[in-house]
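Note sheet for the following structure.
The values are calculated or read from the model by the stated rules, or taken from the named source; none is laboratory data. Fair warning: this is a prediction, and the values are worked out from it, not measured in the lab. Backbone-built Cβ (ideal geometry, glycine too); neighbour counts: all protein chains shown.
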2 protein chains.
Amino acid sequence: MSEAVRFERVALIGLGLIAGSMSLAMRRAGIAGEITGYARSAATRDTAREISLVDRVCDSAQDAVKDADLVVLAVPVGAMADVMADIAPVLKKGALVTDVGSVKRSVFDAVLPQLPEGVSFVGSHPMAGTEHSGPRAGFAELFDNRWCLIVAPEGAEEATVEKLETFWRALGSQTERMDVGHHDLVCAVVSHAPHLIAYTMVGVADDLSRVTDQEVIKFSAAGFRDFTRIAASDPTMWRDVFLTNKEATLEILGRFTEELFALQRAIRQGDGEHLHDYFTRTRAIRRGIIEAGQDTDAPDFGRAKKSD
Amino acid sequence: MSEAVRFERVALIGLGLIAGSMSLAMRRAGIAGEITGYARSAATRDTAREISLVDRVCDSAQDAVKDADLVVLAVPVGAMADVMADIAPVLKKGALVTDVGSVKRSVFDAVLPQLPEGVSFVGSHPMAGTEHSGPRAGFAELFDNRWCLIVAPEGAEEATVEKLETFWRALGSQTERMDVGHHDLVCAVVSHAPHLIAYTMVGVADDLSRVTDQEVIKFSAAGFRDFTRIAASDPTMWRDVFLTNKEATLEILGRFTEELFALQRAIRQGDGEHLHDYFTRTRAIRRGIIEAGQDTDAPDFGRAKKSD
């Protein structure tokens, strides 16, 4: 497989954290001719123009995708069907469409039936992000050493899938192929359930009457604050994720609740051995993550060393 | 209140992350004459000697506390009673004893009945830590700008409480007084419940048959890995925390489960508005934490910028 890839025109639909980082990473890699972009919000388009996030900001999605060889749907999962309906009539023959959504079954359902003859679609899921959103949040290094899952529909051409993989590697990612159902289950485990749990814990803390928000904030370094970063993610994006990956997320949350009840019972009954065994087992996964280069081993992610 | 404080001899019982960091921070501040230390494990004592973590490592707790003006109980909460029984007969008249446990009611129950005449006790809870433990984990900056809760028993002398506050400020902390019951509730919210939830989520992910550990590890940057840091904390310490702060922890977990069920129902019923409202509300707490200097605003805690 050749590692050279180039698209003469790339259109980014949506100009948030992921699309913005893609634009900067494409420039860094020098793999795109012109990068066009469109966002539904005029304010976002203005900001994107102001900071030259892409080469040309368009006032319609149709203008942006005109003559594009690669079209990236970087909008919330719930908006994919409408965007696709809008752009389908003007997509160039031979164009490759991809998305960057966190859920794939529902993106397939939204996109594939509307795909014009001669246009291909293969899904992408860059497993990278920060708690910040919007056009100013992007940076070229976002994808470096992170995984991008490539989810191809049945019957996709091997050369097209390979081209998309090469593209993501040029942006700094590692790639792995996954089928659509497994993708949605894996993401429920590593991403969707953790986000819902984090949102829940932050909401509970916010809602207590006997402990003030000021206390929660002041003393958050004791563990709570690690939940707040992912619970600060974009609300619209996450609403759509849960609504569109319903079954897998609810399955994992069911398992979670079962385990939590077992640990609560161990606490209530004073079963220290059960707790100690459980807490020892979970350390191994952390070590695996550090060894795999997916997190830093700096204590407290390195932030405690600063006297900020 | 004068900010000058000095102890001619400080004894650290337990030589883990917190005690080690205290020794290094006391040296940095120049507020201790001799720092002695004791740990139950001979291996820990050997390591502490090898890296000169304290000025003198003793082979018994009694030796370490002899003539000490300040004695710090830095052992798991469940070990406090035994340590106190051991050292009580040799504590110096006029000495101040403190602890660094994460739970206070049960420390009071373990320590106060055994306190000799002429010796004072005031509890400390430095709200700082990392996922690392043991004598090599300490560093002088651990307490900088973090909060140390000061929990005095009824009838404690004001001058003694102030002396302990001044001590912690010399180590870099900010201090706040709290009564024992409120302390244990606040900690259940900001620390104990989040830790149990993180342990649970990591345990669930580890236990799935349809998603491999390798997949969980590889794709952890999507949210899961933020849970793994606190779920890598010391198992013995945390077992003791849950067993000794049972009621407050179970109360918060009960609230958590209630909320989680409400969100699960919203997902099942497709109630996007409920989800979006909830996810919007939780963003405010994150902003408060950044503004209070209790976390960094660097995207992804700054770790994503490194191409590690």
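Here is a check on your reading of the model: is A:Gly288 under 14 Å from B:Arg225 (Cβ atoms), at the interface with chain B (Cβ under 7 Å from one of its Cβ atoms), within 26 Å of the chain's Cα centre (by Cα) and modelled with pLDDT of 85 or more?
Working: under 14 Å from B:Arg225 (Cβ atoms): yes; at the interface with chain B (Cβ under 7 Å from one of its Cβ atoms): yes; within 26 Å of the chain's Cα centre (by Cα): yes; modelled with pLDDT of 85 or more: yes.
Yes: the conditions hold for A:Gly288.
Identify, by number, the condition in (1) within 25 Å of B:Ser173 (Cα to Cα); (2) surrounded by fewer than 23 Cβ atoms within 10 Å (Cβ to Cβ) that B:Asp67 doesn't meet.
For B:Asp67, the exception is condition (1).
What are the residues in segment B:173-193 that are within 14 Å of chain A (Cβ to nearest Cβ), of a type outside the set (D, E, K, R) and either in contact with a helix residue (DSSP H, G or I) (Cβ under 6 Å, 6 or more places away or on another chain) or more than 17 Å from B:Met127 (Cβ to Cβ) (or both), if any?
Within segment B:173-193, the subset within 14 Å of chain A (Cβ to nearest Cβ) is B:173-179, B:181-193.
From what's left, of a type outside the set (D, E, K, R): B:173-175, B:178, B:181-183, B:185-193.
Residues satisfying the conditions are B:Thr175, B:Gly181, B:Leu185, B:Val186, B:Ala188, B:Val189, B:Val190, B:Ser191, B:His192, B:Ala193.
Please go through (1) within 8 Å of another protein chain (Cβ to nearest Cβ); (2) touching a residue at least 24 places away in the same chain (Cβ under 8 Å); (3) not in a loop (DSSP other than H, G, I, E, B) for B:Glu259 and return the number of the only condition it doesn't satisfy.
Result: B:Glu259 passes all but (2).
Report every pair of residues separated by at least 6 positions or lying on different chains whose Cβ atoms are under 9 Å apart, first residue within segment B:128-145 and in the same structural domain as B:Ser233 (by TED's automatic domain parsing) and closer than 20 Å to B:Ala198 by Cβ, second small (Gly, Ala, Ser) and buried (at least 20 other Cβ atoms within 10 Å of the Cβ).
From segment B:128-145, no pairs qualify.
Could you list, in sequence order, the residues of segment B:256-279 that are buried (at least 20 other Cβ atoms within 10 Å of the Cβ) and within 30 Å of B:Ser106 (Cβ to Cβ)?
Within segment B:256-279, B:Phe256, B:Leu260 meet the criteria.
Out of all the residues in segment A:84-96, which are in a helix (DSSP H, G or I) and under 25 Å from A:Asp240 (Cα atoms)?
Applying the first criterion (in a helix (DSSP H, G or I)) to segment A:84-96 yields A:84-90.
A:Met84, A:Ala85, A:Asp86, A:Ile87, A:Ala88, listed by residue number.
Is it true that A:Asp226 is within 7 Å of chain B (Cβ to nearest Cβ) and either closer than 29 Å to A:Met22 by Cβ or surrounded by fewer than 24 Cβ atoms within 10 Å (Cβ to Cβ) (or both)?
Details: within 7 Å of chain B (Cβ to nearest Cβ): yes; either closer than 29 Å to A:Met22 by Cβ or surrounded by fewer than 24 Cβ atoms within 10 Å (Cβ to Cβ) (or both): yes.
Answer is yes for this residue.
Inspect segment B:53-61 for any residue being in the same structural domain as B:Gly172 (by TED's automatic domain parsing), of a type in the set (Asp, Glu), touching a Phe, Trp or Tyr at 6+ places or on another chain (Cβ under 9 Å) and free of Cβ contacts under 8 Å to residues at least 24 places away in the same chain and give the result as yes or no.
So in segment B:53-61, the residues in the same structural domain as B:Gly172 (by TED's automatic domain parsing) come out as B:53-61.
Cutting the leftovers down to of a type in the set (Asp, Glu) gives us B:55, B:59.
From what is left, the residues that are touching a Phe, Trp or Tyr at 6+ places or on another chain (Cβ under 9 Å) are B:59.
Within this subset, residues satisfying the condition of being free of Cβ contacts under 8 Å to residues at least 24 places away in the same chain are B:59.
Scanning segment B:53-61 turns up at least one residue that is in the same structural domain as B:Gly172 (by TED's automatic domain parsing), of a type in the set (Asp, Glu), touching a Phe, Trp or Tyr at 6+ places or on another chain (Cβ under 9 Å) and free of Cβ contacts under 8 Å to residues at least 24 places away in the same chain.
Looking at A:Ile13, A:Ile18, A:Ile35, A:Ile51, which one is within 14 Å of chain B (Cβ to nearest Cβ) and either touching a Pro at 6+ places or on another chain (Cβ under 7 Å) or among the hydrophobic types (A, V, I, L, M, F, W, C) (or both)?
Values: A:Ile13 fails: within 14 Å of chain B (Cβ to nearest Cβ); A:Ile35 fails: within 14 Å of chain B (Cβ to nearest Cβ); A:Ile51 fails: within 14 Å of chain B (Cβ to nearest Cβ).
Answer to the selection: A:Ile18.
Tell me the helices (runs of 4 or more DSSP H) entirely within segment A:185-256 that contain at least 2 residues that are among the small types (Gly, Ala, Ser).
On the way: elements: A:193-207, A:213-218, A:225-230, A:235-244.
The helices (runs of 4 or more DSSP H) meeting that bar are A:193-207.
Kindly indicate whether any position in segment A:160-172 is touching a Gly at 6+ places or on another chain (Cβ under 9 Å), surrounded by fewer than 18 Cβ atoms within 10 Å (Cβ to Cβ) and assigned by TED's automatic domain parsing to the domain that holds A:Asp82.
No, segment A:160-172 contains no residue that is touching a Gly at 6+ places or on another chain (Cβ under 9 Å), surrounded by fewer than 18 Cβ atoms within 10 Å (Cβ to Cβ) and assigned by TED's automatic domain parsing to the domain that holds A:Asp82.
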